[in-house]
1. What number, rounded to the nearest 500 deg cm²/dmol, is the helix-based mean residue ellipticity at 222 nm of the chain, given -39500 (n - 2.57) per DSSP H run of at least four residues and division by all its residues?
2. Kindly put 226, 595 in sequence by how many other C-beta atoms sit within 10 Å of each C-beta, fewest to most.
3. Measuring from label point to label point, each 7 Å out along Cα→Cβ, what is the residue 732 to residue 713 span in nm?
4. Can you give the Rg and Dmax of the range 28-180 based on its C-alpha atoms, in angstrom?
5. For residue 56 and residue 327, what is the calculated FRET efficiency with R₀ set at 60 Å and r taken between the beta-carbons, to the nearest 0.05?
6. What is the gain in length, in nm to one decimal, between residue 655 and residue 612 on full extension, counting 0.36 nm per residue of separation less the C-alpha to C-alpha distance?
7. Using a Förster distance of 60 Å, how high is the FRET efficiency between residue 174 and residue 295, based on the Cβ-Cβ distance and rounded to 0.05?
8. Can you return the aspartates and glutamates within cross-link range of residue 606? Criterion is Cα-Cα under 20 Å, with same-chain partners fewer than 8 residues away left out.
Amino acid sequence: MNRTLVPPSVELPELSADEVPPALLMTEFLAANDSGLKDGDDDLTDWIEIHNPGQTPLNLSQFALTQDRQLEELWEFPSFLMGSGDYLIVHASGKNRRLPNEEWHTDFKLNADGEFLAIVMKESRSIVHSFGTRYPQQQDDISYGISSDWAPGEFLLDFESHFLTPSPGKTNSEVLFGFVEDVSFSLERGFKEEPFELILRNSTQGAIIRYTTDGTAPTAEHGEIFESSMNVDATTVIRAAAFKDGHAPSSVMTHTYLFLDDVVRQSPDGVPPIGFPFDWNNNLVDYGMDPRVVDQSVYSKEVLTGFRDLPVISIVMDIHDMFGKEKGIYSHAREDGRKWERPCSVEYFHSGPQPGFEIDCGIRIRGGFSRMDNNPKHSFRLFFRDIYGPSKLEFPLFEGSSVTTFDNLDIRTSQNYSWSFGRDGENGLFVRDLVNRDIQRSMGHLSPNGDFCHLFINGVYWGLYNTCERPEASFASDYLKGGKEDFDVIKIQNGGGERTFATDGNTDAWRRLWEAAKKGVKSNEDYFQLQGKHRDGSEDLDSEVLLDVENLIDYMLIIIWSGNKDAPVSAFSGDWASNNWYGMRNRNHREGFRFIIWDSEHTMLKEDLEINRIGPFPAGNEFSSSNPQYVWQRCLENAEFRMKVADRIHRHFFNHGLLEPDQLKALFDHRVDQIKNAVVCESARWGDSQAPNIAGKSTPGRFPLTRDVHWLKVVNYTRNEYLSQRSDIVMAQLFAKGLYPDVTAPVPSFTGEGGAAQLALSAGKGIIIFTIDGSDPRMIGGKRNASATTYQKPIPKSGEFQMLKTRTFYEGEWSALLEIEF
């Protein structure tokens with residue numbers, strides 16, 4: 001009997017056409033591999049154990065594995081002679097490998113929630129072995145398969161069970177007689193004001209409950225045994241699980257209880273909380289809430305209100321996985337990738353009755369420059385995988401969003417111009433990134449949702465953060481038509497040399513777009529070809545669509561208006577490098593690349609009120625630094641593109657457009673109002689973070705940055721100066737660049753009400769020309785649309801809404817387009 005993880009290369013005998021092969025069995029599989037068998041790439045992959053119970057060898061090329069109940073999509077075994085009684089392991093990793101003398105990997109992964117899985121005959125599509133229509137839900141590191149005594153030619157197929165200890169390539173281990181039910185808590189997680197008696201319960205007869213309060217997960221040997229009740233009178237994180245011999249343990253349940261009166265007193269002198277280390281390797285260390293903030297009369301009540309104003313994210317985990325010298329992700333913040341992902345529990349709750357969640361997932365440090373050792377406050381990224389718990393977070397996290405399932409989630413904090421990193425009291429604002437993304441979303445474009453929250457780590461307050469969707473393939477698939485595998489998602493990778501690469505899909509189409517832009521798009525033939533059109537602007541179904549022109553223009557108008565110095569071209573490189581941009585495109589649809597506003601902290605700065613970021617800049621001359629602004633610059637050579645730019649400028653900078661001061665202030669005020677009290681919490685936690693840790697929180701002369709003295713000053717300048725003046729400054733820059741015509745566009749006004757309403761149009765010089773059929777009064781090339789009408793008198797409102805498009809024409813030049821639905 002042979003048991004192998006790597007099938008050897010062998011010569012195979014030919015089977016006669018009428019020979020009927022014996023059965024082939026899946027004796028064991030693991031669909032949630034959290035800490036077991038690794039493949040040759042050092043990855044924890046799902047796996048399936050295959051067994052030949054017959055008395056003769058089998059040619060595996062006759063068989064296939066499938067998850068498809070219709071038996072149409074098959075992963076076919078390669079040619080291999082499997083001996084009688086032999087076993088082999090196939091990794092269900094999605095890597096799709098089947099070479100001799102190497103591990104075999106299917107092109108699919110196993111679903112821990114349960115699904116169809118079968119061995120079938122490749123030709124006849126008949127099922128050889130399956131676990132019914134759907135195998136049951138699986139748990140971490142607990143395998144499933146066939147349990148029985150067997151000998152070659154004899155095997156019982158009716159005894160399926162779970163196994164406590166997976167045994168790939170070995171005799172199946174101890175059979176589980178059942179699963180222990182989850183532990184229930186007598187009181188829900190969240191904010192508490194009075195001490196209480198907590199009772200933990202379990203409905204499985206004979207099970208023992210163990211719990212911890214240090215963030216570690218309880219095991220059958222680790223944790224206190226729960227007896228009857230426990231008194232909770234201070235901020236506490238409790239993790240509990242139940243155990244019984246011969247049974248799979250329950251899931252670990254986590255509850256965080258926050259008592260704000262002691263949260264505001266955490267580590268007042270900078271001494272680490274119990275269980276937390278004094279140092280994080282080379283990282284700058286900061287602990288505690290500053291009594292010089294929380295004890296001020298103006299803040300003592302508002303700090304409590306600030307905690308209740310925002311939802312809480314509580315991360316609970318083994319403290320060594322976070323801060324440990326050897327494997328802590330915080331103490332090795334520069335490290336990245338799957339090897340630096342750790343298991344944790346994440347809870348989300350409000351101070352009120354709003355719903356929340358708890359989920360086990362993976363956590364990493366996120367960011368680029370912010371990973372430096374002198375930054376004591378890092379951002380995080382959560383990964384929802386079935387090796388930790390559910391494979392997706394299912395929760396309506398963002399109000400107004402249609403998406404309620406997530407593969408991953410960023411938990412971001414301000415880095416540049418923050419109090420924690422740079423002690424920047426002159427520019428610390430905390431809302432810049434969210435406001436920029438709000439503008440793009442309000443324009444009707446795809447942009448990651450985000451909201452503010454308070455973050456706790458094992459019950460210790462860690463500061464003001466914001467949740468954010470990650471603009472990768474799963475995000476694109478959620479909001480656009482198509483599966484994750486359909487999208488190319490392009491970004492820049494910095495560190496050790498910039499590099500344009502695909503986080504999903506490939507860079508082939510992006511390279512074609514960049515090459516076309518570099519070649520030049522001055523002619524209409526070249527310009528419209530980027531959009532999958534003929535030179536007259538009509539659709540060319542034989543040509544691919546590479547660029548979403550309106551999206552690119554609106555993206556660039558936000559970049560220019562905000563004075564963005566680090567996206568998509570970095571001023572800190574002398575404008576030679578690109579940074580902080582995402583582009584995405586569905587390869588299978590007629591859609592061009594669209595671009596996502598990302599990481600917009602270097603914006604809306606006092607020093608940059610008059611900054612000009614229109615370009616042109618050298619970044620993008622090489623593919624390694626290619627970026628959307630380079631495409632924009634090259635497209636500006638084309639007259640039709642420049643006309644489209646003028647039209648989008650008029651849409652957003654005039655007639656209550658989103659880049660007019662009043663609209664911008666509304667978006668800005670919304671975000672400011674969300675955190676006006678929560679900033680007091682941030683002040684107490686990080687307002688003096690750059691003071692030496694040994695000196696503690698009471699260092700003479702080192703006063704914390706505060707809301708009223710520092711933050712409100714920046715808020716007031718941004719609102720009353722930047723937002724009030726910046727749009728006019730940018731309009732002058734765009735006009736000087738020739739991107740907005742000097743012919744005045746029609747100005748609308750309405751008279752009357754209801755059915756008697758009329759639209760009047762006025763302009764300085766020239767004639768006003770309009771259409772109501774949705775077409776542009778100006779044709780490609782500049783001629784007048786034959787269906788357009790010359791404006792002479794107010795236009796009465798019809799019974800139904802209609803789209804009016806109008807321009808002014810004067811001495812051979814057209815104004816920008818005005819669009820009105822009335």
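1. Dividing the helical sum by the residues of the chain leaves -5000 deg cm²/dmol.
2. Fewest-to-most Cβ neighbours within 10 Å comes out as 226, 595.
3. Spacing of the two 7 Å Cα→Cβ label points: 2.7 nm.
4. In order Rg, Dmax, the Cα atoms of the range 28-180 give 14.7, 43 Å.
5. Values: r = 49 Å, r/R0 = 0.82.
Efficiency computed from Cβ-Cβ geometry: 0.75.
6. Details: separation 43, 0.36 × 43 = 15.48 nm, distance 2.36 nm.
Taking 0.36 nm per residue and subtracting the Cα distance, the gain is 13.1 nm.
7. Numbers: r = 58 Å, r/R0 = 0.97.
Efficiency computed from Cβ-Cβ geometry: 0.55.
8. Of all the aspartates and glutamates, those that pass the test against residue 606 - Cα under 20 Å, at least 8 places apart if same chain - are 424, 426, 433, 566, 660, 662, 669, 708, 721, 728.
Laboratory data are not the source of any read-out in this text; all were calculated from the coordinates shown. Source: prediction; values computed, not measured. Positions of Cβ are backbone-derived with ideal geometry, glycine not excepted, and every protein chain shown enters the neighbour counts.
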